[in-house]
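See structure below.
The values are calculated or read from the model by the stated rules, or taken from the named source; none is laboratory data. The model shown is predicted, which means the values in this text are computed figures rather than measured ones. Don't worry about glycine lacking a Cβ; one is built from the backbone with ideal geometry, like all the others, and counts go over all protein chains shown. Note: accessible area is taken over every heavy atom of the protein model, side chains too, but ligands, DNA and RNA are not part of it. Shrake-Rupley method; radii C 1.70, N 1.55, O 1.52, S 1.80 Å.
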Amino acid sequence: MESARIWTAALVVIGDEILSGRTQDKNIAQIAQWLNVQGIRLVEVRVVPDREEAIVEAVNTLRARNDYLFTTGGIGPTHDDITVDAIAAALGVGVVHHPQAVAVLERYYTTRGGISEARLRMARVPEGADLIENRMSGAPGIRIGNIFIMAGVPHITAGMLDALTGTLEGGQPVVSRQIGCWVAESEIADLLREAERRHEGVAIGSYPFFREGRTGANFVVRSPDREVVDACVADLTAALEAAGHQVFGEGI
């Protein structure tokens, strides 16, 4: 039997402020969670500076080996917001003012000081692009091919994701369950590997910790198939208990 089709996505986080530590990224987690619900796996994230060559390289590499590519940041009204120009360069197309985006911005800024050249920059898109609705601040996101160009501000990104919900083709959402033990990860590494091998399509993540003067670990079992997850958890629990370790359902 052929394995189920796995749909993948990558994310490029754009911004010197992220790399400098001045701003902490919150989009990776919310995009990963949203993608999982759509049945798409986020498999790679890159953080790149506000430099065209860095954006072009990341975009062309990641869009070629994934079903979808998301970018966040660099689509505002200022001179250093260069994401649109860089992605247009990556695709070999020009940059145009999208008429629908212009109309949206003109309406939005009617009672907010009016439209300006700086604000019109947010209507610029790679030629041939469509828009992603933004109910939060007017300026839309951009979709071109398998690339989704989104804001860097997390609550605006969330609104754009909401507008995209149900529009991307994906597979089955990944199901996960967690168990935990007071045991050093190194002591049961072979046991985890064998459990993963016995259950095709399962991935087991191990997350060690040190608390209360003791070493422990939580184990997260993931798969698109809930029955396979449940079977692997039962198998792993039995193996851990047979090795003399108390297992805590839902983790420690």
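General remarks:
- Selection status of Ala118, open to solvent by less than 50 Å² (accessible area, probe 1.4 Å) and either closer than 30 Å to Gly171 by Cα or in a loop (DSSP other than H, G, I, E, B) (or both): no
- Meets criteria (without any contact (Cβ under 8 Å) to a residue 24 or more places away in the chain, closer than 19 Å to Ile142 by Cα and assigned to a helix (DSSP H, G or I)) for Ala88: no
- From the options Ile179, Ile142, Ile156, residue that is open to solvent by less than 40 Å² (accessible area, probe 1.4 Å), assigned to a strand (DSSP E or B), among the β-branched types (Val, Ile, Thr) and over 22 Å from Val96 (Cβ atoms): Ile179
- Subset tally (residues that are without any contact (Cβ under 8 Å) to a residue 12 or more places away in the chain, among the hydrophobic types (A, V, I, L, M, F, W, C) and either surrounded by 14 or more Cβ atoms within 10 Å (Cβ to Cβ) or in contact with a His (Cβ under 7 Å, 6 or more places away or on another chain) (or both)) for segment 33-70: 1
- Hits in segment 75-94 (condition: buried (at least 17 other Cβ atoms within 10 Å of the Cβ) and hydrophobic (A, V, I, L, M, F, W, C)): Ile75, Ile82, Val84, Ala86, Ile87, Ala88, Ala89, Ala90, Leu91
- Identity of the residue in segment 182-195, farther than 19 Å from Gly249 by Cβ and small (Gly, Ala, Ser), that ends up surrounded by the most Cβ atoms within 10 Å (Cβ to Cβ): Ala184
- Within segment 53-73, one or more residues are in contact with a strand residue (DSSP E or B) (Cβ under 7 Å, 6 or more places away or on another chain), farther than 30 Å from Gln172 by Cβ and not in a helix (DSSP H, G or I).
- Qualifying positions in segment 1-17 - buried (at least 20 other Cβ atoms within 10 Å of the Cβ) and either part of a helix (DSSP H, G or I) or under 8 Å from the mean Cα position of the chain (by Cα) (or both): Ala9, Ala10, Leu11
- Residue in segment 131-139 that is surrounded by fewer than 17 Cβ atoms within 10 Å (Cβ to Cβ) and of a type in the set (Ser, Thr, Tyr) present: yes
- Residue selected from segment 159-176 under the condition open to solvent by less than 40 Å² (accessible area, probe 1.4 Å) and under 21 Å from Glu250 (Cα atoms), by the criterion farthest from the chain's Cα centre (by Cα): Val175
- Residues of segment 76-109 classified as within 14 Å of Arg51 (Cα to Cα) and modelled with pLDDT of 95 or more, total: 9
- Within segment 196-225, tally of residues that are under 22 Å from the mean Cα position of the chain (by Cα) and open to solvent by 60 Å² or more (accessible area, probe 1.4 Å): 3
- Verdict on Ala10 being of a type in the set (Gly, Ala, Ser), in contact with a Leu (Cβ under 7 Å, 6 or more places away or on another chain) and closer than 17 Å to Ile156 by Cα: no
- Of everything in segment 20-30 that is in contact with a strand residue (DSSP E or B) (Cβ under 6 Å, 6 or more places away or on another chain) and not in a loop (DSSP other than H, G, I, E, B), the residue that is surrounded by the fewest Cβ atoms within 10 Å (Cβ to Cβ) is Ile28.
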